[in-house]
Amino acid sequence: MIKSYRILVCDDDDAVRSSLGYLLSKASYTPFFASKPEDIKKYVEETDFAVVLLDMNFSLSINGDEGIELLKRIKILKPSVPVILITAWGSVELAVKGIKLGASDFVTKPWNNVQLLKIIETSISLSDNVGSVDNHQTSSYKSERPTEFESIIGNDQKLIDILDVIKRVAATHAPVLITGESGTGKELIASAIHQFSTRKDNPFVKVNLGGIPASLFESEMFGYRKGAFTDAKSDHTGRFEKANRGTIFLDEIGDLNFTSQVKLLRVLQDQTFERLGDPNSITVDVRILSATNHNLYSQVKKGSFREDLLYRINLIQIEVPPLRNRIGDIPVLAEYFINNAVKAYSLQKKSLSRAAAEWLCEQIWPGNVRELKNIIERSLLLTKGDQINPEDFITAQLPGKIPENSSHTLDEMEKQMIISTIEECRGNLSRTAEKLGIGRATLYRKMEKHGIQTEKNE
């Protein structure tokens, strides 16, 4: 239910003010208007607004400098008030500059009314309900684990902070960028956001952008009409249209080529597109969630990722920690995967020995939760007893290298594993440590323990 929030419309064009005033009033907001920079400053100083809609150009210039200076002034006077910038499509770079200075979002002229109202609603929701959620990081205060997230396992404070953010942003339309190493569970986070949103009964469409060739991007994402090209034997509905009224999850967005980034940006701007072979525009209502294991800020600096696209998908960023940074969750996850695998493969119930739990906690897990799940399942299938021990994990890591009925001790098996891996890596100890999932210092200590000598090759 929309409350009667006050919204300040800042634009020197009578037609724009009139149009926005009608739109906002119809949506049950209370619009106020300012056409001059001095009036804007006075209004912001004297009145509390839920949102400020700020045009980037006023009568004195067309380069956006006035808009930038007004934005700075507004953020000094009322730091917590969301400011949505209004700019022409060709000035998106200027809007990105504004985002860096504290604007919450931007729209381009001519705007889409539905999309603009969603941006306003999202800005107000985040301001009212999210509180301390930062644009680039999760919260840091202590909180209890929410009980609703059954599929996300763990009690580490970093994870609890993420669950808290999910609960606060799920009900909004805010685009969320989920970052983290491969295997950390970014898709689970995206799914949880969808499940706790008002869109939960509508589609959750997952798209692996890294797996779509550039030549097929438009046909896959936007669809096509029969006869649009040689192999178009029938109409095809694109991913955005399939996600209408729901959520689209753009996985591996950091792998998207530059040309496709431009096409995606235009759709995210007003959620309107055309199918290939169809001149009619299609408008959808889609919540955007994205994920990547790349540092997109570094890619922007290198010129391989568009800065305007980054800020369009990144109103809220959730950083998922690697497993090595939440060691206390490893035994909990291991037991969870054991129980699931026992049911899935109809296996005898098996428990995790204390030594096995300690061994798991000593590993680096470059593949994170996914790697842990895989080794648990392999160990369960290979282990004959009713308890899983460290040697069962080592055997599972080295299929075929250790005889099934080997009577070797754990120390002997560990020594054999290290020697074999050193040989595989041709004496490169850095690669050996990485392949074994341990630090170099740990490798040196174990080599000394087992009396393994080799010419160090870094």
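May I ask you to list the residues in the range 349-379 that are part of a loop (DSSP other than H, G, I, E, B) and under 29 Å from the mean Cα position of the chain (by Cα)? Even if it seems obvious, please write down each step before you answer.
Filtering the range 349-379 for residues part of a loop (DSSP other than H, G, I, E, B) gives 349-350, 353, 363-367.
Hits for the range 349-379 are 363, 364, 365, 366, 367.
Taking the stated definitions as given, is residue 278 more than 20 Å from the chain's Cα centre (by Cα), touching a residue at least 40 places away in the same chain (Cβ under 8 Å) and part of a loop (DSSP other than H, G, I, E, B)? So that I can check it myself, show each step before the final result.
On the way: more than 20 Å from the chain's Cα centre (by Cα): yes; touching a residue at least 40 places away in the same chain (Cβ under 8 Å): yes; part of a loop (DSSP other than H, G, I, E, B): yes.
In short, yes.
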Kindly provide the set of residues from the range 226-261 that are assigned to a strand (DSSP E or B), touching a Ser or Thr at 6+ places or on another chain (Cβ under 8 Å) and among the hydrophobic types (A, V, I, L, M, F, W, C), ordered by number. 249, 250
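So in the range 55-81, with the set limited to residues that are small (Gly, Ala, Ser) and either touching a helix residue (DSSP H, G or I) at 6+ places or on another chain (Cβ under 9 Å) or modelled with pLDDT of 90 or more (or both), which one is farthest from residue 106 (Cα to Cα)?
My answer is 59.
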Within the range 361-379, can one find any residue that is surrounded by fewer than 18 Cβ atoms within 10 Å (Cβ to Cβ), aliphatic (A, V, I, L, M), on the phi < 0 side of the Ramachandran plot and out of contact with any Lys or Arg (no Cβ under 6 Å at 6 or more places or on another chain)? no
Can you say whether residue 52 is in contact with a Leu (Cβ under 9 Å, 6 or more places away or on another chain), of a type in the set (Val, Ile, Thr) and modelled with pLDDT of 95 or more, as far as the supplied structure shows? yes
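Given the criteria farther than 19 Å from residue 255 by Cβ, touching a helix residue (DSSP H, G or I) at 6+ places or on another chain (Cβ under 7 Å), part of a helix (DSSP H, G or I) and among the β-branched types (Val, Ile, Thr), does residue 330 qualify? Write out each step before concluding.
On the way: farther than 19 Å from residue 255 by Cβ: yes; touching a helix residue (DSSP H, G or I) at 6+ places or on another chain (Cβ under 7 Å): yes; part of a helix (DSSP H, G or I): yes; among the β-branched types (Val, Ile, Thr): yes.
Yes, satisfied.
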Whichever residue in the range 7-41 is surrounded by 15 or more Cβ atoms within 10 Å (Cβ to Cβ) and basic (Lys, Arg) and, among such residues, is farthest from residue 66 (Cα to Cα): 17
I'd like the residue in the range 152-181 that is in the same structural domain as residue 291 (by TED's automatic domain parsing), assigned to a loop (DSSP other than H, G, I, E, B) and without any contact (Cβ under 8 Å) to a residue 60 or more places away in the chain and, out of all such residues, is farthest from residue 334 (Cα to Cα). 172
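Only residues that are part of a loop (DSSP other than H, G, I, E, B) and aliphatic (A, V, I, L, M): list them for the range 15-33, please.
Here is the first cut: in the range 15-33, the ones part of a loop (DSSP other than H, G, I, E, B) are 27-29.
Across the range 15-33, the qualifying residue is only 27.
Residues in the range 182-208 that are closer than 15 Å to residue 166 by Cβ, assigned to a loop (DSSP other than H, G, I, E, B) and not charged (D, E, K, R): how many?
Keep residues of the range 182-208 that are closer than 15 Å to residue 166 by Cβ, which gives 184-200, 204.
Still in the list and also assigned to a loop (DSSP other than H, G, I, E, B): 184-185, 196-200.
In the following step, the residues that additionally are not charged (D, E, K, R) were identified as 184-185, 196-198.
Count: 5.
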Among 45, 93, which is assigned by TED's automatic domain parsing to the domain that holds residue 21, more than 18 Å from residue 9 (Cα to Cα), surrounded by fewer than 15 Cβ atoms within 10 Å (Cβ to Cβ) and touching a helix residue (DSSP H, G or I) at 6+ places or on another chain (Cβ under 7 Å)? 93
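Is it the case, given these coordinates, that residue 338 is surrounded by 15 or more Cβ atoms within 10 Å (Cβ to Cβ) and either under 22 Å from residue 446 (Cα atoms) or outside the structural domain of residue 442 (by TED's automatic domain parsing) (or both)? Spell out how you get there, then give the answer.
Working: surrounded by 15 or more Cβ atoms within 10 Å (Cβ to Cβ): yes; either under 22 Å from residue 446 (Cα atoms) or outside the structural domain of residue 442 (by TED's automatic domain parsing) (or both): no.
For residue 338, the condition - surrounded by 15 or more Cβ atoms within 10 Å (Cβ to Cβ) and either under 22 Å from residue 446 (Cα atoms) or outside the structural domain of residue 442 (by TED's automatic domain parsing) (or both) - is not met.
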Just name the residue that is nearest to residue 284 (Cα to Cα) out of those in the range 215-227 that are at pLDDT below 90 and surrounded by fewer than 17 Cβ atoms within 10 Å (Cβ to Cβ). 226
Residue 187 is checked against (1) under 16 Å from the mean Cα position of the chain (by Cα); (2) of a type in the set (D, E, K, R); (3) surrounded by 17 or more Cβ atoms within 10 Å (Cβ to Cβ) and fails just one. What number does that condition carry? (3)
Yes or no: the range 314-329 includes at least one residue that is farther than 16 Å from residue 190 by Cβ, in contact with a Lys or Arg (Cβ under 9 Å, 6 or more places away or on another chain) and surrounded by fewer than 19 Cβ atoms within 10 Å (Cβ to Cβ). yes
If I filter the range 228-273 down to residues being acidic (Asp, Glu) and within 29 Å of residue 93 (Cα to Cα), which single residue comes out as surrounded by the fewest Cβ atoms within 10 Å (Cβ to Cβ)? 255
For the range 326-337, does any single residue satisfy the condition of being within 30 Å of residue 382 (Cα to Cα) and of a type in the set (Asp, Glu)? yes
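The values are calculated or read from the model by the stated rules, or taken from the named source; none is laboratory data. Quick caveat, the model's predicted, so the values are computed rather than measured. Please note: Cβ atoms are built from the backbone with ideal geometry, for glycine as well, and neighbour counts cover all protein chains shown.
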